[in-house]
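The structure appears below as structure tokens.
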């Protein structure tokens, strides 16, 4: 005869198993919800990225024309007038007046920055062509707009960690039509992504304000093996995105996964971001609590 202990244990085991299955299902559901929030965040971010990048790409050629007309005869000896000319170039081009750039500057043909629009001027007397030699193509006839990515101390938007600058250049011609210098703009990627993250978070918070579940979300642009996020974003999230190789896995368009970190289930979504190059994706990592 079986003992009553055995008979009683089976219902208890069944209940324990059911509870475990329910808990796992709950974790899976929360993970899926987190993924959906990450997908929503990446879509919102892509809209902003495309708008902001297009503004700069459309506005820089016209801004360079105005700058060329306003520059003093001796830019090196009249740097205050150069600053005034830069401000005029921005104020008179709608796209540039709305641009999210962290700098607008003018550099001589050899790449030396003579003045920027704002003070303090961290770029003044720095040579951008030594760091971004490909920008010299903008000085060629019909060189158009030239873009580059790289690290430069004067363009950093964070005090610690890796940061990459996106910098665009357009040639500035003198009265004789010959190249006189470079009109420069762009931004620190981490500082810019931080601004966009704050905006996206606000929209998601507004949408979910009546829900009992709260969302914790971090936004990144990943270029190759470098994850660029808000200056205060936890390093562990950037490291996880690099570990997941999201740039490669989203090369066909989109990548999704779930990970366990810090005792929470996080949903990761990465999508191609052509605005920042063929090797770039926008990635969001979210958790629901």
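The values are calculated or read from the model by the stated rules, or taken from the named source; none is laboratory data. Treat the numbers as computed from the prediction; the structure is a model and nothing was measured. As a convention, Cβ positions derive from the backbone with ideal geometry for all residues, glycine included, and neighbour counts pool all protein chains shown.
When we screen 169, 154 for residues that are in contact (Cβ under 8 Å) with a residue 24 or more places away in the chain, in a strand (DSSP E or B) and under 26 Å from residue 228 (Cα atoms), the only hit is 169. Considering every residue within segment 86-100, establish whether at least one is within 28 Å of residue 238 (Cα to Cα) and in the same structural domain as residue 181 (by TED's automatic domain parsing). Among the residues of segment 86-100, at least one is within 28 Å of residue 238 (Cα to Cα) and in the same structural domain as residue 181 (by TED's automatic domain parsing), which makes the answer yes.
What tally of residues in segment 62-79 results from selecting those that are surrounded by fewer than 15 Cβ atoms within 10 Å (Cβ to Cβ) and touching a residue at least 12 places away in the same chain (Cβ under 8 Å)? Final tally of qualifying residues: 2. The helices (runs of 4 or more DSSP H) found wholly in segment 1-109 and carrying at least 2 residues that are at pLDDT below 95, out of contact with any helix residue (DSSP H, G or I) (no Cβ under 9 Å at 6 or more places or on another chain) and farther than 22 Å from residue 199 by Cα occupy 4-70. Taking the criterion of being within 27 Å of residue 229 (Cβ to Cβ) and outside any helix (DSSP H, G or I), the residues of segment 122-144 that qualify are 122, 123, 126, 132.
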